Amino acid sequence: MKFFIDTANLAEIQEAQDMGILDGVTTNPSLMAKEGITGEANVLKHYQAICDIVDGDVSAEVISTDFEGMVKEGLALAALDPKIVVKVPMIKEGVKAIRFFSDQGIKTNCTLVFSAGQALIAAKAGATYVSPFIGRLDDISTDGMDLIESIRVIYDNYGFETEILAASVRHPMHILQCAEIGADVMTGPLSAINALLKHPLTDIGLEKFLADHKKANS
Ligand code: G3P
């Protein structure tokens, strides 16, 4: 399973990259705003800075909601760097835009997906990635993991090549459950990735090894 980090924070991206386990980055307008990145030129500059840190795909989301606007924005984003994946919302105009980009060989990430039907449409339009939002489904008392499972079955039934990018991941158990189901990619915060590697017995064991070594060598 590929690990993407869901942030526009350069320090966090660098930290995940330095760990050697990062396969890509996803951003969205809220994450860009959180970093205080405003204005077209600054936004493009920031995406370039992200691309300069990571080796893998970097999702950059369009703001327009009409086909022409999405195409214009998406082409400008894609021209920035070959790592850029144009992130497009799951609306009718977005589906048309995904088909357009797909026909041009430009990678896409269909975002704000909350049902298997939406995921099926995204795959048919040729999306590179589909982003079902697990955490936001959990927030409304619906099991987000059921959606990942259902999309996995549908895509496997027909051999769709669209990759399932489990998004809105909030904690390490989300990551593990996605791995069990067979999501192709997960995107989550650095905290969820860091939490995966922690175990109290590892810390206790290491402390004891180091103490014994010190005793024996003093
Ligand atoms: O990639 C989509 C993701 O950013 C949404 O996460 O935590 O805002 O639901 P969240």
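Only the coordinates and a few stated rules stand behind these numbers; no lab work does. This structure is a prediction, so every number in the text was calculated from the model and none was measured. Cβ sites come from the backbone with ideal geometry, for glycine too, and all protein chains shown count toward neighbours.
Our coupling estimate for the stretch 38-43, obtained by passing each phi through the Karplus curve with A = 6.51, B = -1.76, C = 1.60 and θ = phi - 60°, is 10, x, 4, 4, 5, 4 Hz, Gly and Pro reported as x.
Applying both filters, DSSP loop and at most 13 other Cβ atoms within 10 Å, to the GluC sites (Glu not before Pro) of the stretch 138-194 gives E161. Computed from Cα atoms, the angle from the helix 144-158 axis to the main principal axis of the chain rounds to 60 degrees. Among T142, T111, T187, the largest mean-square fluctuation in a Gaussian network model of the chain (Cα springs under 10 Å) belongs to T142.
A cut-off of 5 Å between modelled amide H atoms, ignoring neighbours fewer than 5 places along the same chain, links Q104 with no other residue. When only alpha carbons are used to place a centre, the stretch 66-138 and the stretch 176-218 end up 35 Å from one another.
Principal-axis analysis of the Cα atoms of the chain puts helix 67-80 at an angle of about 50° to the longest axis. Taking Cα atoms, how many degrees apart are the long axis of helix 172-181 and the longest axis of the chain, rounded to 10 and kept between 0 and 90? Approximately 60 degrees, to the nearest 10. Identify the trypsin sites (Lys or Arg not before Pro) of the stretch 1-74 meeting these criteria: DSSP loop state and at most 10 other C-beta atoms within 10 Å of the C-beta. Those that pass, being in a loop and sparsely packed, number zero.
Using a Gaussian network model of the chain whose springs link C-alpha atoms within less than 10 Å, name the residue from D184, D23, D138 with the highest mean-square fluctuation. Highest fluctuation among the options: D138. Counting only Cβ charges, +1 for Lys and Arg and -1 for Asp and Glu, the dipole size of the chain around its Cα centre is about 60 debye. In loop segments of the stretch 157-218 as defined by DSSP, the trypsin sites (Lys or Arg not before Pro) with at most 13 further C-beta atoms inside 10 Å of their C-beta are K198. 3J(HN,Hα) along the stretch 46-56: 5, 4, 5, 4, 5, 4, 6, 8, 9, 8, x Hz, from the Karplus curve 6.51 cos²θ - 1.76 cosθ + 1.60 with θ = phi - 60°, whole Hz, x for Gly and Pro. Taken one residue at a time, the phi angles of the stretch 159-171 give Karplus couplings (6.51, -1.76, 1.60, θ = phi - 60°) of x, 4, 8, 4, 8, 7, 10, 5, 10, 6, 6, 10, 8 Hz. Gly and Pro are set to x. Give me the net charge for the shell around G188: Cβ to Cβ below 9 angstrom, other residues only, Lys and Arg +1, Asp and Glu -1. Local charge sum for G188: 0. Looking at the chain, the DSSP beta bridges with both ends there are about 0 percent antiparallel.
Annotation: amide H of I84 within the under-5 Å range of V58, sequence separation 5 or more or interchain, hydrogens built in the peptide plane. Give me the base-10 log of I(q)/I(0) for the chain at each q in 0.14, 0.16, 0.19 Å⁻¹, Debye formula, one uniform scatterer per Cα, rounded to two decimals. Rounded to two decimals, the profile gives -0.82, -1.05, -1.42.
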